[in-house]
Amino acid sequence: MKTTGRVNGIISNIVIVKADGAVGQNEICYVHTGETKMMAEVIKVVGDAAYVQVFDSTRGLKIGDRVEFEGHMLEATLAPGLLSRNYDGLQNDLEKMDGLFIARGSITDPVDFEAQWEFKPLAQAGDKVTAAAWLGEVKEQWLTHKIMVPFAMTGTYTVKSVAAAGTYKVTDTIAVVTDAEGRDHDITMVQKWPVKQAVRCYAEKPRPDRVMETGVRAIDTFNPMAEGGTGFIPGPFGAGKTVLQHAISKQADADVIIMVACGERANEVVEIFKEFPELVDPRTGHKLMERTIIICNTSNMPVAAREASVYTGMTIGEYYRAMGLKVLVMADSTSRWAQALREMSNRLEELPGQDAFPMDLSAIISNFYSRAGLVKLNNGETGSVTFLGTVSPAGGNLKEPVTESTKKAARCFYALSQGRADSKRYPAIDPLDSYSKYLEYPEIAGYLDDHIGKGWVEKVYAGKTIVQRGKEANDQINILGDDGVPVEYHERFWKSELIDFVILQQDAFDDIDANCPIERQKMMYETVLGICRKEFRFADFEECSRFFKGLINLFRQMNYSQWQSEKFEDYRKQIEQYVLAKTE
């Protein structure tokens, strides 16, 4: 018997319901007004009063309207057919929506329940299985999609039967398992899981021990991201956060990409919808959209759905991770997610924290980021969820609560600088403010030594030191003038500029320079670092300036040349001769 209730108060999209039975925290309910049925979530219970947040506009809602409680939390539907779809935060398929805007109360199926899938069994009768164990597989796009024991099933089960190889719908029974008490359970290809609960169906969650290549030099060379790691990109509006995320999504070493547009402007979301279906995936030769899922809640959508979108994206990522795949989840922007939390907290009249954000904002962000990670599955395979979010601090203030709270949870910090963006130095990642704590991990240092070269971490820190000394020299030059400092100060400054122009800056719209393989990054960085370690003798600052400008021009032409081509090799030889002439 479902619990019901009546609307007893309305505060924007927060509705107070007088319930006639037991109601649970985060339980889903439906508010009926006229012919419309709107989904809502319980966020506070006081006696027989349940405070629910409605995922739609509450205009026209009246005191006394009927409410039905479902007895479960907000759930994601997990099944073959998720890839290449566009969802809202509640996992409604946006392609199935009618009209320009989503009508109030609209609910669509997240997958096609009538589609046929070629099933291949992996388990056999008599096998002992637990939650997330692989029973079979189907081909989804070009990926192998594992059909698993539902995450919600606890304990050990015995496989009674598995369907033979053939074509089935996602709702067809593909296996029957028996529990310890002898009861049979039918398993289909579809399962549901609460989005606000982490999926923990794995044997171990070790520290990340490998690097995820992104093709972006400012990340891979200076501040590498670990596979299964966490990072965030704070920066003011217009600094290039969204473009950088798009570049990473196209080039990152991941099997599945999940883009969460959380409170983004509609024009940026439309750009994703138009661009991704046309992009060719450099890893597979297929369309990039074939391994991408987009979850979209624009800034004009209900605030409650915006808060749910990041959880839905992470849950789908955990689902594919349990198949042994590498998943990259990106949220743009977590600031608007935090703003949604602030709006709901204020309407509940909770005690506000700094800048009116919830008092437990730091704990909420930390709990969410902790769901990412590299895991060892029960069958010995590994899977990973790498999470990269953006933060849009008001006025570019990196000391505001969302940025500070995220800093405590994320291990990579890619600070975008307004000054670099204004001077067209893209990506505008500040090399001195940004960091990657993974460089301190012995596992990552060992991986870099094995896959790039011995002592790679020391070379990275050496480059950062050159950039730091160059900035200090530039400050002195700006204060005292060109003639007021020794020529060595100009040399330090131009060496830092060489690293900046050749390594840190990258053209995201150039077919060659947009994606830089790690082998090419190694060769370029070691060449630049070798030049920066040389001692030059310049008569004055003008000679120093001319020399390095010419050198930077040669390197930039090299960046736009095809890797391992005759033209690339020709530029490399020109650079050697150019430097040799000045050092002899």
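The values are calculated or read from the model by the stated rules, or taken from the named source; none is laboratory data. Keep in mind that this is a model prediction, so the values were computed, not measured. Here the Cβ positions follow ideal geometry from the backbone for every residue, glycine too, while neighbour counts run over all protein chains shown. SASA here: full protein model, heavy atoms, side chains in, ligands and nucleic acids out. Shrake-Rupley method; radii C 1.70, N 1.55, O 1.52, S 1.80 Å.
Show that you can apply the helix-only estimate: for the chain, add -39,500 (n - 2.57) for every DSSP H stretch of four or more residues, divide by all residues, and state [θ] at 222 nm to the nearest 500.
It lands at -9500 deg cm²/dmol.
On the full set of protein chains, 1.4 Å probe, figure out the accessible area of ARG183 and give it in Å² to the nearest 10.
130
Tell me, what % of the accessible area of the chain is carbon and sulfur with a 1.4 angstrom probe? It would help to have the intermediate numbers written out before the result.
Numbers: 11950 of 24630 Å².
The C+S portion of the solvent-accessible surface of the chain is 49 percent.
Does region 201-339 come out rounded, prolate or oblate by the C-alpha gyration tensor, with a ≥ b ≥ c the root eigenvalues, rounded set by a/c under 1.5 and, if not, prolate when a/b is larger than b/c and oblate if not? Spell out each step's value before the answer.
Numbers: a/c = 1.38, a/b = 1.24, b/c = 1.11.
Because its axes are fairly even, with a/c under 1.5, region 201-339 counts as rounded.
Have a look at the DSSP beta bridges in the chain and tell me what percent are antiparallel, nearest 5. Write down the numbers at each step before the final one.
Values: 67 of 95 bridges.
Approximately 70 percent, going by the DSSP bridge assignments.
Skipping prolines and chain starts, which residues have an amide H placed within reach, meaning under 5 Å, of the one on LEU325, given they are 5 or more residues away or on another chain?
SER384
Could you work out the local net charge near MET289, counting Lys and Arg as +1, Asp and Glu as -1, over the other residues with Cβ closer than 10 Å to its Cβ? The partial results should precede the final answer.
Details: positive: ARG85, LYS287, ARG291; negative: GLU275, GLU278, ASP281, GLU290.
Summing Lys and Arg as +1 and Asp and Glu as -1 gives -1.
Take SER496, SER370 and sort them by solvent-accessible surface of the protein heavy atoms, 1.4 Å probe, largest at the top. Before the final figure, lay out each step's value.
Numbers: SER496 10, SER370 65 Å².
Result, largest first: SER370, SER496.
Report, ordered by chain and residue number, the lysines lying within cross-link reach of LYS62, taken as a straight Cα distance under 19 Å and ignoring same-chain residues fewer than 8 apart.
LYS18, LYS37
Using only the Cα atoms of region 1-127, build the gyration tensor, take square roots of its eigenvalues as a ≥ b ≥ c, and label the shape rounded, prolate or oblate: rounded if a/c is under 1.5, else prolate if a/b is larger than b/c, else oblate. Write down the numbers at each step before the final one.
Numbers: a/c = 3.04, a/b = 1.60, b/c = 1.90.
The shape class here is oblate.
Run the numbers on region 260-416 and let me know its relative contact order in percent, using alpha-carbon pairs under 8 Å that are six or more apart. Provide the component values of the computation, followed by the final result.
On the way: 225 pairs, mean separation 36.7, N = 157.
In percent, rounded to a whole number, it is 23.
Residue by residue, what Karplus-based ³J(HN,Hα) values in Hz, rounded to whole numbers, does region 399-408 have, using 6.51, -1.76 and 1.60 with θ = phi - 60° and x for Gly and Pro?
With the stated coefficients, region 399-408 comes to 9, 6, x, 5, 5, 5, 5, 5, 4, 6 Hz.
Counting only residues 5 or more places away or on other chains, whose amide H sits under 5 Å from the amide H of MET148 once H atoms are built in the peptide plane?
Here LEU135 satisfy the definition.
Using a probe radius of 1.4 Å on heavy atoms only, what accessible surface per residue do you get for the chain? Whole Å² is fine. List each step's numbers first, then the result.
On the way: 24630 Å² over 584 residues.
Spelled out: the 1.4 Å probe surface of the chain, per residue, equals 42 Å².
Tell me the relative contact order for the chain as a rounded percent, counting alpha carbon contacts under 8 Å between residues six or more apart.
Details: 1209 pairs, mean separation 71.6, N = 584.
Averaging sequence separation for qualifying contacts and normalising by length gives 12 percent for the chain.
Would you please state which residues of region 55-75 a label at THR4 would reach in this model, taking the label point 7 Å out along Cα→Cβ and a backbone N cut-off of under 16 Å?
The answer is 64-71, whose backbone nitrogens lie closer than 16 Å to the label point.
State whether region 109-251 is rounded, prolate or oblate according to the following rule on the C-alpha gyration tensor (a ≥ b ≥ c being the square roots of its eigenvalues): a/c under 1.5 gives rounded; otherwise a/b larger than b/c gives prolate, and the remaining case gives oblate. Working shown, then result.
Details: a/c = 2.62, a/b = 2.03, b/c = 1.29.
Here region 109-251 falls in the prolate category.
Say the dipole of region 84-146 comes from +1 at the beta carbon of Lys and Arg and -1 at that of Asp and Glu; which of VAL129, PHE119, THR108 then lies farthest toward its positive end?
Going by the charge dipole, the pick is VAL129.
Quick one: Karplus J couplings for region 477-485, per residue in order, coefficients 6.51, -1.76, 1.60, θ = phi - 60°, nearest Hz, x for Gly and Pro?
5, 5, 7, 9, x, 4, 8, x, 10
Given the options GLY60, PHE568, GLY235, identify the residue whose Cα lies farthest towards the positive end of the charge dipole of the chain (+1 on Cβ of Lys, Arg; -1 on Cβ of Asp, Glu).
About the Cα centre, the residue reaching furthest to the positive side is GLY60.
Can you compute 3J(HN,Hα) from phi for each residue in region 250-255, using the Karplus curve 6.51 cos²θ - 1.76 cosθ + 1.60 with θ = phi - 60°, rounded to whole Hz and x for Gly and Pro?
Karplus-based 3J(HN,Hα) across region 250-255 equals 6, 10, 5, 7, 9, 7 Hz.
What FRET efficiency would be calculated for the residue pair ASN300, LYS37, taking the C-beta separation as r and a Förster radius of 22 Å, to the nearest 0.05? Can you show the working numbers first?
Values: r = 22 Å, r/R0 = 1.00.
Efficiency for this residue pair is about 0.50.
Let me cross-check VAL190: its accessible surface, 1.4 Å probe, with only protein heavy atoms counted, in Å² to the nearest 10?
Accessible area, nearest 10 Å²: 40 Å².
Mind jotting down the distance between the C-alpha centroids of region 387-444 and region 136-181, whole Å?
Here the two parts' Cα centres lie 42 Å apart.
Can you give the charge dipole size of the chain about its Cα centre, rounded to the nearest 20 debye, using +1 on the beta carbon of Lys and Arg and -1 on the beta carbon of Asp and Glu? Please list the in-between numbers first.
Details: 67 positive and 82 negative charges, 115 e Å.
My answer is approximately 560 debye.
Determine, from the Cβ-Cβ distance of ILE11 and GLU472 and an R0 of 51 Å, the FRET efficiency 1/(1 + (r/R0)^6), rounded to the nearest 0.05. Mind showing how you got there, number by number?
Details: r = 54 Å, r/R0 = 1.06.
So the FRET efficiency works out to roughly 0.40.
Put a dot 7 Å past each Cα toward the Cβ at LEU554 and SER161; how far apart are the dots in nm?
Label at SER161, label at LEU554, 7.5 nm between them.
Between THR171 and TYR578, what is the label-to-label distance in nm when each label sits 7 Å out along the Cα-to-Cβ direction?
6.6
Mind sorting out which of (i) 1.21; (ii) 1.09; (iii) 1.34 is the real Cα Rg over 2.2 N^0.38 Å computed from the coordinates?
(ii)
Given R₀ = 25 Å, what would the calculated FRET efficiency be for GLN354 paired with LYS437, taking r from the Cβ atoms and rounding to 0.05? All intermediate terms of the calculation are to be shown ahead of the outcome.
Details: r = 24 Å, r/R0 = 0.97.
Rounded to the nearest 0.05, the efficiency is 0.55.
Given an 8 Å cut-off on Cα distances and at least 6 residues of separation, report the relative contact order of region 55-212 as a percent. Display every interim value, and only then the final one.
Numbers: 257 pairs, mean separation 35.4, N = 158.
This gives 22 percent for region 55-212.
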